[in-house]
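Heads up, the thing below is written out as structure tokens.
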Amino acid sequence: MPDSSALLQLRDIHMPPPVSAWPPGPAYYAVLALLIMLALLWLIRQRHLQYTAPKREALAKLARLKACYLEKPEPTHTAAAITLLLKRVALVYHPRLDVASLHGSTWPPFLKKTSRRLDAAIDAASQILCEAPFNPQADHHLEPLFLMARHWIKQRRKKCLN
């Protein structure tokens with residue numbers, strides 16, 4: 001028979017302390033870094049959408065004007081609408097003092113000054129821009145004006161805070 005005194009001297013098994021939740025493992029840090037990066041990308045995207053909203057809206061308006069012009073050609077009305085659209089875009093992206101007094105023949109120099117590599121397109125559209133809104137008898141083809149306006153609007157970058 002085994003020695004019972006030896007069995008009485010045995011102690012219970014001690015369990016190790018439970019696994020702590022702190023510090024978290026490397027995977028938790030990776031997930032946290034990924035979430036922070038996604039939040040920053042979302043904020044950057046929202047800011048980009050905010051800054052480009054006037055440009056996107058103006059390009060959509062220009063596309064609607066072109067569709068209406070192709071459906072029912074009215075050069076005088078369409079040229080005046082494009083001039084108004086360009087002025088509204090200019091007021092968003094440039095100081096009000098520089099834009100508010102522009103009309104007629106003062107438009108092409110301003111458009112040249114505020115654009116990059118559009119001199120030929122502006123020269124082609126400047127006569128139409130200056131004459132078409134005021135001369136209903138003239139038969140103007142507005143394709144150069146649409147092209148110039150689209151490229152000029154696309155070049156706008158940051159809104160002016162006037």
Along principal axes, Cα extents of segment 100-160, largest first, whole Å:
39, 25, 16
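Å³ per residue of the Cα convex hull, for segment 1-69? Intermediate results must be reported in sequence, preceding the final value.
On the way: hull volume 10.1 nm³, N = 69.
So the per-residue hull volume is 147 Å³.
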Looking at Leu102, Leu129, Ala90, which one has the Cα that reaches farthest to the positive end of the dipole of segment 53-154 (charges on Cβ: Lys, Arg +1; Asp, Glu -1)?
Ala90
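Taking other Cβ within 10 Å of each residue's Cβ, how do Ser115, Ser20 sort, fewest first?
Values: Ser115 16, Ser20 7.
So the ranking, lowest neighbour count to highest, is Ser20, Ser115.
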In whole Å, how far is the Cα centre of segment 15-44 from that of segment 80-137?
54
Tilt relative to the chain, helix 143-154 - C-alpha long axis, 0 to 90 degrees, to 10:
30
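Mind giving me the FRET efficiency for Phe134 and Arg157? R0 is 30 Å, r the Cβ-Cβ distance, nearest 0.05 is fine. Walk me through the numbers before you get to the answer.
On the way: r = 31 Å, r/R0 = 1.04.
Between Phe134 and Arg157 the formula returns 0.45.
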What percent of all Cα-Cα pairs in segment 53-154 falls into each 5 Å bin, going from 0 up to the bin containing the maximum distance?
2, 14, 26, 27, 21, 8, 2, 0
If each of Gln50 and Arg96 carries a label point 7 Å out from its Cα toward its Cβ, how far apart are those two points in nm?
2.1
In what sequence do Lys55, Lys158, Lys112 fall when counting other Cβ within 10 Å, fewest first?
Lys158, Lys112, Lys55
Could you list Thr114, Thr83 so that the one with the fewest beta carbons within 10 Å of its beta carbon is first and the one with the most is last?
Thr114, Thr83
Say the dipole of the chain comes from +1 at the beta carbon of Lys and Arg and -1 at that of Asp and Glu; which of Leu62, Ala138, Ala27 then lies farthest toward its positive end?
Ala138
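Quick one: length gained pulling Val31 to Leu84 fully straight, 0.36 nm per residue minus the C-alpha distance? Before the final figure, lay out the partial values.
On the way: separation 53, 0.36 × 53 = 19.08 nm, distance 5.04 nm.
Between Val31 and Leu84, full extension yields an extra 14.0 nm.
Only four residue types carry charge here, +1 at the Cβ of Lys and Arg and -1 at the Cβ of Asp and Glu. Report the dipole size of the chain about the Cα centre in Debye, rounded to the nearest 20. Each step should come with its number before you reach the end.
On the way: 22 positive and 11 negative charges, 114 e Å.
Magnitude of the dipole: close to 540 debye.
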Segment 62-71 - phi-based ³J(HN,Hα) in whole Hz, Karplus 6.51/-1.76/1.60, Gly and Pro as x:
5, 5, 5, 4, 5, 4, 5, 5, 5, 6
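Taken together, the values in this text are just the output of simple stated rules run on the coordinates, not laboratory data. A quick note: this is a predicted structure, and the numbers were derived from the prediction, not measured. Note that each Cβ is placed from the backbone with ideal geometry, even for glycine, and that neighbours are counted across all protein chains shown.
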